[in-house]
Amino acid sequence: MAVLRILTYPDPRLRKKSVPVERIDKQIEKLLDDMAETMYDAPGIGLAAPQVGVNLRVIVVDISPREENSPGLIELVNPEIVLAEGEQIGEEGCLSIPGFVSEVRRKARVVVRGLDRKGKPVEIEGTGLLARAFQHEIDHLDGILFIDRLSRLKRELFKKKLEKVFGKEESYAAF
Ligand code: GNR
Ligand code: NI
C-alpha cells in the first residue's frame, strides 16, 4: 500500500478523459488500495484515478468521516450514473484544488452502476453528500472539475483567488 501524489490544478492531466478498465487484475486491485490509502491520508471523502495520474475510470468514495449512516468504503471501476433526480446545493471542495471551496448545484439522488474489485456488477444509490461525491468523482473521469460547475459569480471569485496565488494570468495561462 502506498500514498500517491495528488495532482493539482491546473495540471493538464486533470483535463483528460479517462478510459474504461478492460480487465480487473492485480494491478487494478493495487490501484484501488493505494487510492483508498491516499484518500484517507489526505484526508478526503473521495478520489478519482486521474487525480493520481492514472487515466482510468476508477473511483473510491467514503463519506463516513462526515456522515454517520454511510456505507463505508466504496470502490468502483467503470462507474456510470444510470439515474439522477432532484437538486441540491452544497459546499464542495477538491483535493486537486486546495484552498478553495464553493457551493455547487448537483443532483439530489443518483444511482451509480459499476464493477467492484472482483469485477462483479454493482448498483449503488446515493443521496445527499454521497450523491454529491459520486457526481464529483465521475466528473473527474471526464476531465470536469467542480469549478466548471460554479455560477458565474462564484467562478469570478475563483479567478480572483487564482490571481492571488499565481499572480496575474501569465504564470498559469501556460498550462
Ligand atoms: O474531500 C472531498 N470533499 C468533497 C466535499 C464535497 C463534495 C465533494 C468532495 S470530494 C473531495 C475529494 C476530491 O477532491 N475528490 O475528487
Ligand atoms: Ni476532486
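Readers should treat all values here as calculations from the given coordinates under stated rules, not as data from a laboratory. Everything numeric in this text was worked out from a predicted model, so none of it was measured. Cβ coordinates were reconstructed from backbone atoms using ideal geometry, including for glycine residues, and neighbour counts include every protein chain displayed.
A few notes on this one:
- Computed over the chain: relative contact order in percent, which uses C-alpha pairs under 8 Å that are six or more apart: 22
- Estimated at 0.36 nm per residue, the fully extended path between Asp41 and Glu22 surpasses their Cα-Cα distance by 4.0 nm.
- Cα-based convex hull volume of segment 1-65 per residue, rounded to whole Å³: 82
- Under the span-like rule (Cα at least 18 Å along the axis, Kyte-Doolittle mean at least -0.5), DSSP H helices of the chain: 128-141
- Helical contribution to [θ] at 222 nm, DSSP H n ≥ 4, -39,500 (n - 2.57), averaged over the chain, rounded to 500: -8500 deg cm²/dmol
- Sorted largest first, the principal axis extents computed over the alpha-carbon atoms of segment 104-156 equal 44, 22, 10 Å.
- Averaging 1/r across all pairs of distinct Cα atoms in segment 74-175 and inverting the result yields a Kirkwood radius of 15.1 Å.
- Length added when fully stretched, Lys164-Glu123, from 0.36 nm per residue minus Cα-Cα: 10.5 nm
- Positive minus negative residues near Arg132 (Lys, Arg vs Asp, Glu; Cβ under 12 Å): -1
- Distances between every pair of Cα atoms in segment 24-133, grouped in 10 Å steps from 0 to the bin holding the largest one, split as 14, 46, 35, 5 percent.
- Theoretical gain in end-to-end length, Arg155 to Val101 [0.36 nm per residue, Cα-Cα removed]: 18.3 nm
- Paramagnetic label reach from Lys30 (point 7 Å along Cα→Cβ; backbone nitrogen cut-off under 20 Å): within segment 43-61, residues 48-60.
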